[in-house]
Amino acid sequence: MNTITAVNEFVIRFANVNGTGSASANMLFAKSLFRMGIPVSPRNMFPSNIQGLPTWYDVRVSEKGYMGRRGENVDMVVAMNPQSFERDVKSLAPGGFLFYDSTKYIDTGKYRSDIQWIGVPLMEICQREYQNPRQRQLFKNIIYVGALAALLEMDFDVIKDLIASQFKAKQKLIPPNIHALELGYDYASKNFDCPLSIKVKAADLNKDKILIDGNTASAIGAVYSGATVASWYPITPSTSLVEAFEKFAERFRIDKETGEKKFAIIQAEDELSAMGMVIGASWNGARAFTATSGPGVSLMTEFLGLAYFAEIPVVLFDVQRGGPSTGMPTRTQQSDILSCAYASHGDSKQVLLFPSDPKDAFDIAADAFDYANRLQTPVIVMLDLELGMNDWISDELEWDDKREYDQGKVLNAEQLDKLERYGRYLDVDGDGITYRTYPGTHPEKGAFFTRGTSRDEYAVYSELGEDYVHNVDRLTRKFATAAELLPKPVIYKAKASAVCGVVYVGTTALVQDEMTDLLEQDGIYVDAMKIRAFPFHSDVKKFINKHQKVFVIDINRDAQLRTLLINEEDFDPAKLLSIRHYDGMPVTAVTIVEQMKSALGISDNSNAEKRA
Amino acid sequence: MSYMKKPQFYNPDLPKNELGLTIRDYEGSLSTLCAGCGHDSISSGIMQACFELSISPHTVAKISGIGCSSKTPTYYLGNAHGFNSVHGRMPSVATGANVANRDLTYIGMSGDGDTASIGLGQFVHVIRRQLNMLYVVANNGTYGLTKGQNSATLDKGSKPKKGPDNPWDSIDLVTTAIQMGATFVARSFSGDKQQLVPLIKAAVAHKGFAFIDCISPCVTFNNHAGSTKSYDYVREHNAVMNRMDFIPLQDEITTEYAAGTSSQVSLHDGSVMHLQKLAEDYDPRDKITALDNLQRHNADGKVLTGLLYVDPDASDTHDVLATSKTPLRELKEKDLCPGAEVLSSINASFS
Ligand SMILES: Cc1ncc(C[n+]2csc(CCOP(=O)(O)OP(=O)(O)O)c2C)c(N)n1
Ligand code: SF4
Ligand SMILES: [Mg+2]
């Protein structure tokens, strides 16, 4: 039998039952590898359920730095869930390793003979060591981590240190956890030939890196950027963003002497209300945000139109997921692009930002408040579940203490005093952005009526068609200002000159290196462009015009990014080739490369010559 | 009415308030509502109350939903910022605004369609959150702006101008408000300035959520013999529960009312509400009595008006959230940003 041999380049899957405390043990495993300096990308696949259903946690270990999902087959499975056992056994690549609880006899031959079976009597060890059923359950998880440490030759001290820091506040839990680790470690060392032919080796590739999820990074960005009002309605996968905001705000924004909070978080009765509160707070001069997912965006849509038209800054984090309701919500997609870009009725259009990793999410979250205020319009930050809810290796977060918040064009009382007549919607600078005032600024000047109905430059109600056109044409001008103000796309040149380009947004960035390497192996060279904002920067157009064919990667069924490009920039649709992936799992480099090759008419086994 | 500019006459004899302002300083632009619309009387009630309270107009934020009633904030306090938001969602916009700046006075203007139908959810939740605001419903039992459909406050059996009698039970907003925990609940009638103005003054001074359900006949669609929200009907069936005089903090408290016929309610800021009791043993501080009274009058086909319920020691959203005394919108980088050094320790906790 062929046995997989790999050092620092494999995928291990933990198959658990939802709600059994496995998540922290699995995290302990992944973080230990991270601390050993090895690039890892852990990924949670969980049901829309609280207890009892299968969950999977895939950890890709890749010294090459390939952090995207590799594919369906994995090299090792820790099969802790009888319910999904058969399926988990099948998911193993030939020659892979199946780690299971051998307390009860399992006729392994009945399943597969082309894999290695590694049975550890976890339950038996727990029965022997622990009295309390809850402890048995929890320590069972730690025991398998201990066993893996021996099997994969992990640095045992690193794991012990992690446990020590994890239970810093509950010191007495440290020894029993370490004991559990050792139980697993000792059993594996005595009963198997350790290490296995797949194993890890300490490296030094995570210097100045952190392991963090995108929702947490965004929340820290919001704290740093001075957000004071958060209003929200719980929905996966955005919930943890507001929860993280609360955690950090509680830590850093409570006055030590008075106990006063320099923030307000309101759990609204629904997403309409959440958005209404953000609009009210921003209208009144605070930095406010909400976070939601597709269904919430639908409910916020009327309000988004009002905010666009009434020119009120709004920061909305949309952590995208599959729609519409139960079933896909715990799976990832980028399928709100069009519903967000064109959110609302009438002549409206919204600004979108696309973070692609946690550091980027932090920066974009912080910048979003400046953009929203500068542009006086909603800014929708388009995350997805893949970024929001999984831990990623990321550059450290950075902040410049000299940075000042940009509240945009706001007039104070002295400035108003100098004005002959204040016009809320009067474009004095030619950039389409007009001056606003906060309520309560001046006893006689600067008050105006905010409304969704049409009005003239002085905010006076008007039903004249020409006033309406004048106003919405200025909003178009403001959008053109936005396009050049917002982050430019990032362009990655291929190693050789390329006639093809590939375009994507957000987390698809994760598979880019692997994708270009795979293509290069076949002698195909493509330049890549990561779009970071909508309206599109002029560089987007330049990039697409420069290439003969451009692949547009969409993590949705209907090629929404491609549609948006064609609609906004008048590209020839024939030139934009669509690559789509929408089964709810994070996209893999292989999926993209296969679709590209088939679009280019290159069969899988041919290579070289054909240069795209 | 046409969109002409309001004529500005200066009358030196107009009385001035403590700020040296006259009632003209509390006006807005000319109303475009139908002549005789009850809503205009509410607008003038608000102007009068703010004038008498000597509130500087620019320290008020006027927020509304959509409807004829929600248009009215343009017609009063022209030097205050106003926000005509979306249908039924005034409460959330008011909540956000208030949370951002606790120092302004918030007046929310809504209609019965805006509040009792599309906005019922936001209405009850803003009450639960005890937002410090005055919430006025100009209640005409109809959708004025969309031309006369029945609203959810229209009484069952009421005869609309056209179509069959209303077959649905109505929602009583004051009962709902009391049940949801509003701490100042009153009902009045747009045609009764003497009752309305003191109520508005007391409501504005009240800390916490103050609600006034103001019956405000729609002369165009709902002011005919068959309607229970018409001028005539309300005048005939109005059971005034208490006459009220509101004494702001600055004024000396007079004892005009004979003992035994009046009850004084002190508000958090030290001002006093003086209630002249018509119903002998009515105590507006007792929720159960208030609800009981409402039920009895409803059963008799009477519209109970006056201050129905008040909790003078109410708290508000900011108390519950423990937000800083300095309005959130005034906070700056140094108050809000934990800084680069803290960020490195955050980084360390993720490495
Ligand atoms: C989402 C939405 N649906 C419907 C409307 C149309 N609409 C405007 S005002 C109104 C009813 C207003 O009734 P009410 O609040 O009682 O105000 P009134 O005009 O009677 O003062 C409706 C249904 C709207 N503006 N928005
Ligand atoms: S339609 Fe009715 S509610 Fe609207 S302005 Fe006219 S009278 Fe007032
Ligand atoms: Mg109405």
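What to note about this one:
- Degrees separating the helix A:214-224 axis from the principal Cα axis of chain A, which is the longest one: 40
- Value of Rg to Rh for segment B:38-161, rounded to two decimals, is 0.98; Kirkwood radius and Rg both from alpha-carbon coordinates.
- Shape metrics for the protein assembly as shown, restricted to C-alpha atoms - Rg then Dmax, Å: 32.7, 107
- Assigned charges on the beta-carbon of Lys, Arg, Asp, Glu; segment A:490-611 dipole about Cα centre (debye): 340
- Furthest towards positive pole of dipole, A:Leu122, A:Leu138, A:Ala93, structure part segment A:6-199, Cβ charges: A:Leu138
- Measuring heavy-atom accessible area with a 1.4 angstrom probe and counting protein chains only, the residues of segment A:234-265 that give up at least 20 Å² relative to the chain alone are A:Phe248, A:Phe252, A:Arg253, A:Glu260, A:Lys261, A:Lys262, A:Ala264.
- Here's the list of lysines a cross-link from A:Lys207 could span, going by alpha-carbon distance under 19 Å and ignoring same-chain residues fewer than 8 apart: A:Lys31, A:Lys64, A:Lys359.
- Using Cβ point charges alone (K and R +1, D and E -1), the dipole size of the protein assembly as shown about the Cα centre works out to roughly 1020 debye.
- For q = 0.12, 0.15 Å⁻¹, Debye-computed log10 I/I(0) when each Cα of chain B counts as one equal scatterer: -0.85, -1.31
- Taking Cβ atoms as reference points and 10 Å as the exclusive limit, the residues near A:Val505 contribute a net charge of 0, counting Lys and Arg as +1 and Asp and Glu as -1.
- Using a probe radius of 1.4 angstrom, the carbon and sulfur fraction of the accessible surface of chain B is 51%.
- Converting phi to 3J(HN,Hα) with the Karplus coefficients 6.51, -1.76 and 1.60 and the offset θ = phi - 60°, segment B:175-180 yields 4, 4, 4, 5, 5, 7 Hz in sequence order, with x at every glycine or proline.
- List of segment B:96-135 residues, accessible area with partners at least 50 Å² below that of the chain alone (1.4 Å probe): B:Arg129
- Entry comment: accessible area of chain A is 38 Å² per residue, from protein heavy atoms only and a probe of 1.4 Å.
- Subset of B:Lys62/B:Lys201; A:Lys402/A:Lys541; A:Lys409/B:Lys325; A:Lys160/A:Lys199; B:Lys207/B:Lys287 violating a 23 Å alpha-carbon distance limit: A:Lys402/A:Lys541; A:Lys409/B:Lys325
- Residues with amide H under 5 Å from that of B:Asn140, placed H, sequence gap 5 or more: B:Asp112, B:Ser216
- With all projection directions averaged, the alpha carbon convex hull of segment A:20-60 covers 2.8 nm².
- In terms of its C-alpha gyration tensor, segment A:6-199 has a rounded overall shape, because the principal axis ratio a/c (a ≥ b ≥ c, square roots of the eigenvalues) stays below 1.5.
- In segment A:212-395, the portion of solvent-accessible area held by carbon and sulfur atoms comes to 47 percent [1.4 Å probe, whole percent, DNA, RNA and ligands not counted].
- Normalising by residue count, segment A:174-308 has a Cα convex hull of 223 Å³ per residue.
- Sorting A:338-346, B:83-91, A:126-134, B:203-211 by their mean Cβ neighbour count within 10 Å, with the most densely packed peptide first, gives B:83-91, B:203-211, A:338-346, A:126-134.
- Interchain or long-range residues, amide H under 5 Å from B:Tyr106's placed H: B:Ala61, B:Leu134
- Averaged over the residues of peptide B:54-66, the number of Cβ atoms from other protein chains lying within 10 Å of each residue's Cβ is 3.
- Taking the Cα centre of segment A:212-395 as origin and assigning +1 to Lys and Arg Cβ atoms and -1 to Asp and Glu Cβ atoms, the resulting dipole is close to 200 debye.
- Flagged links, alpha-carbon separation over 31 Å, of B:Lys71/B:Lys229; B:Lys16/B:Lys302; A:Lys90/A:Lys209; A:Lys261/B:Lys16: B:Lys16/B:Lys302; A:Lys90/A:Lys209; A:Lys261/B:Lys16
- Long-range Cα-Cα pairs in segment A:421-485 (distance over 18 Å), rounded percent: 39
- Structure note, pairs A:Lys493/A:Lys597; A:Lys495/A:Lys546; A:Lys170/A:Lys201; A:Lys418/A:Lys445; A:Lys478/B:Lys332: Cα-Cα distances above 21 angstrom occur for A:Lys170/A:Lys201; A:Lys478/B:Lys332.
- Put simply, when A:379-389, B:214-224 are sorted by average Cβ atoms within 10 angstrom per residue, most first, you get A:379-389, B:214-224.
- Between segment A:131-198 and segment A:495-534, the alpha-carbon center distance in angstrom: 41
- Estimated translational D of segment B:291-338 in µm²/s (Stokes, Kirkwood radius over Cα pairs; 4 °C; 1.567 mPa s): 86
- As a ratio to 2.2 N^0.38 Å, the alpha-carbon radius of gyration for segment B:139-188 is 1.31.
- Total accessible area lost when A and B pair, probe 1.4 Å, Å² to nearest 100: 5100
- Whole-percent carbon and sulfur share, accessible surface of segment A:490-611, 1.4 Å: 45
- Segment A:212-395 gives an Rg/Rh value of 0.95, both radii derived from C-alpha positions and Rh following Kirkwood.
- Local electrostatic count, A:Asp473, Cβ distance below 15 Å [Lys/Arg +1, Asp/Glu -1]: -3
- Computed from the Cβ-Cβ distance with R0 of 25 Å, the FRET efficiency linking A:Asn18 to A:Asp186 stands at 0.25.
- Built amide H within the under 5 Å cut-off of A:Val502, gap 5+: A:Asp527, A:Ala528, A:Met529, A:Phe551
- Residues in segment B:333-351 occluded by at least 30 Å² - accessible area, probe radius 1.4 Å, against chain by itself: B:Glu333, B:Asp335, B:Leu336, B:Cys337, B:Pro338, B:Ala340, B:Leu343, B:Ile346, B:Asn347, B:Phe350, B:Ser351
- Counting only other chain Cβ atoms within 10 Å of each residue's Cβ, the peptide A:220-232 averages 4.
- Shielding by other protein chains, B:319-331, mean Cβ within 10 Å: 6
- For A:Lys172, the aspartates and glutamates whose Cα falls under 19 Å of its own Cα, not counting residues fewer than eight places away in the same chain, are A:Glu129, A:Asp157, A:Asp161, A:Glu182.
- Residue-by-residue Karplus 3J(HN,Hα) for segment A:393-400, coefficients 6.51, -1.76, 1.60, Hz, glycine and proline x: 6, 9, 4, 5, 7, 10, 9, 9
The values are calculated or read from the model by the stated rules, or taken from the named source; none is laboratory data. None of the values given here were measured: they were computed from a predicted structure. As a convention, Cβ positions derive from the backbone with ideal geometry for all residues, glycine included, and neighbour counts pool all protein chains shown. SASA here: full protein model, heavy atoms, side chains in, ligands and nucleic acids out. Shrake-Rupley method; radii C 1.70, N 1.55, O 1.52, S 1.80 Å.
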